Amino acid sequence: MKLNGSEILVQVLLENEVDTVFGYPGGAVLNIYDALYKYQDKIKHYITAHEQGASHAADGYARATGKTGVVLATSGPGATNLVTGIATAYMDSVPMVAITGNVGTPLIGRDSFQEVYITGITMPITKHNFVVRDIKDLADILRKAFKIAISGRPGPVLVDIPKDITAAVTEYEPQPKQTAVKYNFDKVKNLEEVAEIINNAKKPVIFFGGGVKNSCAGEYIKKIVTKANIPATHTMMAAGVLRYDMPENLGLLGMHGSVVANKTVNDADVVLTVASRFSDRVALAPDKFAKKATMIHIDIDMSEIDKNVKSDYHLIGDAEDILSKLEVLIKENRHDDWFETINSYRRDIPYSTGDGKLHPKQVMDIISELAGEDGLYVTDVGQHQMWAAQYLHHVKAENFLTSGGLGTMGYGYGAAIGAQIGTGRSHVFHITGDGSFHMNMNEACTAVSYGLPVISICLNNRALGMVRQWQTVFYGKRYSSSEPDRKTDYVKVAEGFGAKGYSCGTPEEFRAALEDAMKSGGPAWIECNIDREERVLPMIPGGGTVDDIMYE
Amino acid sequence: MKKTYLSFLVDNHHGVLTRLSSLFDQRGFNIDSLTVSTTNDESLSRITIATTGNEDEIKQIVNQTRKLEEYEGVFEINPYDSLIRELLLVKVASDASNRSSLLDLATIYKAKIIDISEGSIVFEVTGKPAKIDSYINNLTKDYCILEMCRTGATALQRGEVRMEK
């Protein structure tokens, strides 16, 4: 059948079972929006306050559902406003297809109104990007974009479509949904070799990252941990893969990781690393990371092998595929002596309670209690993010959404909106700080317009807490620009947007506010006033090792 | 740190050179020289990049480039079993007093004279980068180079080795 470019775009979205698109209209995408109008019963388009919000919403949607997030923006500023969202998705390997309009082909390269070379801009932050130069290529380029986004290590793909292409007409033939390239690890010898090393280890530890979530390999991590009695630790991206209260789960590794996790990895004789890239927030001193251990690295991305930390053995492929085959070769085992040593590493970091004031850990505890095991949490970036990673009761991998790699302040609100739309949860908990929240609080209008039960819990210390913490520790308390004197009345602003607003300063007030917000079923803001001096602990400074752990 | 010649086969698309070279920049690798051309298969381009790095660094940049969608193949040129060539055009100030010695030097390096104008001669030399370096050194020492341009290395492996998709 003959269709125009905009209808073909919609058809390829439908081929790929896309029923939700986030975006913002504009001149170069008017034809596309006209097609979306026509197909509105099949694809629901959500307009955000700002394209950045739409890009984070597509990201949050993808992380919470496992489907590919789709975001649509117009040319020029519409396209550049997606950049932070695309980079966020790229760093955390989130499947996303970003579609940008561009000026018509004859106007390209003439500095036309709202023209920008977005494929050039996004080259280093996408897996791949395309400019559609011929209507005949449109459908296949879009299909390729979906294929690339989900295959191997997932990530964002951008397709730039000039306006004349969205109006041009060509023959369209439907095709089946794009599927990811399949992996089948068949190097049996390598598996046996690695299994033997793990089976013979006296002090083994499993260290896993966000790729375990992407490949749904959590089940096998759990199996190996249980079967061979091996302790495990994880990056922030993999919080929830193992239950927070599982005895073998040592928690978070790295800069703000648990003392026990860091010391265990430091003293281990074998480290099985699964789908982690040893970022500088985990392997702070890559040359000294797990120095006593035989390092085994499983990753789908060959370029991660020996990039930051060198491995003795590596298996390249899909984590679920490899672990399912490795698990069979792992023998039942006990490591009681090792666990005894590990238990001696445990060190609780004291945190204040009972003084009537509200403290970060109490906030996280109350959220965990009221949210229950299905609680879906989305964070922004900073101290609150670390407290959320450390203290929330993580039980499911897909229930903790956070910008780990890029560390995007302002990620949370959009992502929470996308996650709520994708999952239809009765509540999504957006945990934020006063710094991050000010970046994109405008998305409140989106949550209100669509009646989305996103509850924003803002830990307000009237400071850029993480910056300030570093200034306290490393810069002689010279608080350069980290104490903005903002007078924002969160309750009034929330109400101004049409959301519910609460402000609290004690655990009791917070509990009451959260209960009320959850009952109301709509968007709400809860301001939690906390002390400026609250710190994220323990902490290993950049480039440091377990010998440099700071406890206070 | 050693000089390494990498030979890439890539799809002959818009922007593929930008993608590859930007990847080097992004990952902090220097490009000492770069040549690009289409091949006997018109859908493919061959890009030869000379870079400097230790073994791990070269492995890392190769693995990064392999992730490009338009990547079709790469190999490291083995310097002991390959043909590495580049071309130099050099314009040297010349008058009657130095012409014959310039021609003597040109003979040693098998440089061709391709232009003689008022006050200058242009030579063309093809050879291994080291030979070109040496020729330029000699010219710089005793003569005045007015302008020069070298293409950067391009390379093929001898014999059976063929890089295909």
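I need the full set of residues from the stretch B:7-30 which are more than 14 Å from every other protein chain (Cβ to nearest Cβ) and closer than 22 Å to A:His128 by Cα, in order please. Lay out the reasoning, then the answer.
Within the stretch B:7-30, the subset more than 14 Å from every other protein chain (Cβ to nearest Cβ) is B:7-9, B:12, B:30.
Matches in the stretch B:7-30: B:Ser7, B:Phe8, B:Leu9, B:Asn12.
So B:Asn54 ticks every box in (1) among the polar types (S, T, N, Q); (2) touching a residue at least 12 places away in the same chain (Cβ under 8 Å); (3) out of contact with any Phe, Trp or Tyr (no Cβ under 7 Å at 6 or more places or on another chain); (4) more than 14 Å from every other protein chain (Cβ to nearest Cβ) but one. Which box is left unticked?
The single condition B:Asn54 does not satisfy is (4).
Among the residues of the stretch B:45-59, count how many are surrounded by fewer than 19 Cβ atoms within 10 Å (Cβ to Cβ) and under 22 Å from the mean Cα position of the chain (by Cα). Talk me through it step by step, then tell me what you get.
Keep residues of the stretch B:45-59 that are surrounded by fewer than 19 Cβ atoms within 10 Å (Cβ to Cβ), which gives B:52-59.
The next check asks that each one be under 22 Å from the mean Cα position of the chain (by Cα); those that pass are B:52-55, B:57-59.
Number satisfying all stated conditions: 7.
Select, from A:Glu533, A:Glu508, the only residue that is surrounded by fewer than 16 Cβ atoms within 10 Å (Cβ to Cβ), on the phi < 0 side of the Ramachandran plot and assigned to a helix (DSSP H, G or I). Give the derivation first.
Details: A:Glu533 fails: assigned to a helix (DSSP H, G or I).
Answer to the selection: A:Glu508.
Report whether or not A:Glu527 is under 24 Å from A:Arg425 (Cα atoms), touching a Cys at 6+ places or on another chain (Cβ under 6 Å) and of a type outside the set (A, V, I, L, M, F, W, C).
On the way: under 24 Å from A:Arg425 (Cα atoms): yes; touching a Cys at 6+ places or on another chain (Cβ under 6 Å): yes; of a type outside the set (A, V, I, L, M, F, W, C): yes.
Yes: the conditions hold for A:Glu527.
Considering only the stretch A:307-318, state which residues are within 14 Å of chain B (Cβ to nearest Cβ) and of a type in the set (Ser, Thr, Tyr). I'd like the intermediate steps shown before the answer.
Applying the first criterion (within 14 Å of chain B (Cβ to nearest Cβ)) to the stretch A:307-318 yields A:307-311, A:314, A:316.
A:Ser311, the sole residue that qualifies.
Restricting attention to the stretch A:21-37, does a residue exist that is within 29 Å of A:Asn399 (Cα to Cα) and part of a helix (DSSP H, G or I)?
Our first condition is that a residue be within 29 Å of A:Asn399 (Cα to Cα); within the stretch A:21-37, this holds for A:21-24.
After this cut, where a residue has to be part of a helix (DSSP H, G or I) as well, the list is none.
Among the residues of the stretch A:21-37, not one is within 29 Å of A:Asn399 (Cα to Cα) and part of a helix (DSSP H, G or I), which makes the answer no.
Consider the stretch A:100-144. How many of its residues are part of a helix (DSSP H, G or I), more than 14 Å from every other protein chain (Cβ to nearest Cβ) and not charged (D, E, K, R)?
Step one: list which residues in the stretch A:100-144 are part of a helix (DSSP H, G or I), which gives A:105-107, A:118-125, A:135-144.
Filter once more, so that each one left must be more than 14 Å from every other protein chain (Cβ to nearest Cβ): A:106-107, A:135-136, A:138-139, A:142.
Going one step further and asking which of them are not charged (D, E, K, R), we end up with A:106-107, A:135, A:138-139, A:142.
Selection size over the stretch A:100-144: 6.
For the stretch A:319-332, does any single residue satisfy the condition of being away from chain B (no Cβ under 14 Å), under 30 Å from B:Glu57 (Cβ atoms), part of a loop (DSSP other than H, G, I, E, B) and touching a Ser or Thr at 6+ places or on another chain (Cβ under 9 Å)?
no
Determine which member of the set A:Glu527, A:Glu515, A:Glu508 is acidic (Asp, Glu), touching a residue at least 24 places away in the same chain (Cβ under 8 Å) and over 30 Å from A:Gly257 (Cβ atoms). Write out each step before concluding.
Numbers: A:Glu527 fails: over 30 Å from A:Gly257 (Cβ atoms); A:Glu508 fails: touching a residue at least 24 places away in the same chain (Cβ under 8 Å).
Within the list A:Glu527, A:Glu515, A:Glu508, the selection yields A:Glu515.
Provide a single number: the residues in the stretch A:413-446 that are of a type in the set (S, T, N, Q), within 17 Å of the chain's Cα centre (by Cα) and outside any helix (DSSP H, G or I).
1
Would you be able to say whether some residue in the stretch B:68-86 is within 25 Å of B:Tyr135 (Cβ to Cβ), more than 14 Å from chain A (Cβ to nearest Cβ) and acidic (Asp, Glu)?
Scanning the stretch B:68-86 turns up at least one residue that is within 25 Å of B:Tyr135 (Cβ to Cβ), more than 14 Å from chain A (Cβ to nearest Cβ) and acidic (Asp, Glu).
Which of the numbered conditions does A:Ala87 fail, given that it passes all the others? Conditions: (1) part of a helix (DSSP H, G or I); (2) buried (at least 24 other Cβ atoms within 10 Å of the Cβ).
A:Ala87 satisfies all of (1) part of a helix (DSSP H, G or I); (2) buried (at least 24 other Cβ atoms within 10 Å of the Cβ) except (2).
What are the residues in the stretch A:44-71 that are over 20 Å from the mean Cα position of the chain (by Cα) and assigned to a strand (DSSP E or B), if any?
Let us first name the residues in the stretch A:44-71 that are over 20 Å from the mean Cα position of the chain (by Cα), namely A:44-47, A:49.
A:Lys44, A:His45, A:Tyr46, A:Ile47, listed by residue number.
It is to be established whether one or more residues within the stretch A:186-202 are assigned to a helix (DSSP H, G or I), touching a Lys or Arg at 6+ places or on another chain (Cβ under 9 Å), polar (S, T, N, Q) and closer than 30 Å to A:Tyr345 by Cα.
yes
With the condition kept exactly as written, say whether any residue in the stretch A:453-468 is in the same structural domain as A:Asp365 (by TED's automatic domain parsing) and at pLDDT below 95.
Filtering the stretch A:453-468 down to residues in the same structural domain as A:Asp365 (by TED's automatic domain parsing) leaves A:453-468.
Keeping just the survivors that are at pLDDT below 95 gives none.
Looking through the stretch A:453-468, none of the residues is in the same structural domain as A:Asp365 (by TED's automatic domain parsing) and at pLDDT below 95.
Considering only residues that are touching a Phe, Trp or Tyr at 6+ places or on another chain (Cβ under 9 Å) and charged (D, E, K, R), which ones fall in the stretch A:11-57?
Answer for the stretch A:11-57, where residues must be touching a Phe, Trp or Tyr at 6+ places or on another chain (Cβ under 9 Å) and charged (D, E, K, R): A:Glu15, A:Glu51.
Need pairs with beta-carbon distance below 8 Å; first residue exposed (fewer than 14 other Cβ atoms within 10 Å of the Cβ) and within the stretch A:172-193, second β-branched (Val, Ile, Thr); sequence gap 6+ or separate chains.
Matching pairs, first to second residue: A:Thr179/A:Ile150.
Which numbered condition trips up B:Lys91, out of (1) among the basic types (Lys, Arg); (2) surrounded by 17 or more Cβ atoms within 10 Å (Cβ to Cβ); (3) within 14 Å of chain A (Cβ to nearest Cβ)?
(3)
The values are calculated or read from the model by the stated rules, or taken from the named source; none is laboratory data. Just so you know, these numbers come straight off a predicted model, no measurement behind them. Virtual Cβ from ideal backbone geometry, glycine too; neighbours counted across all protein chains shown.
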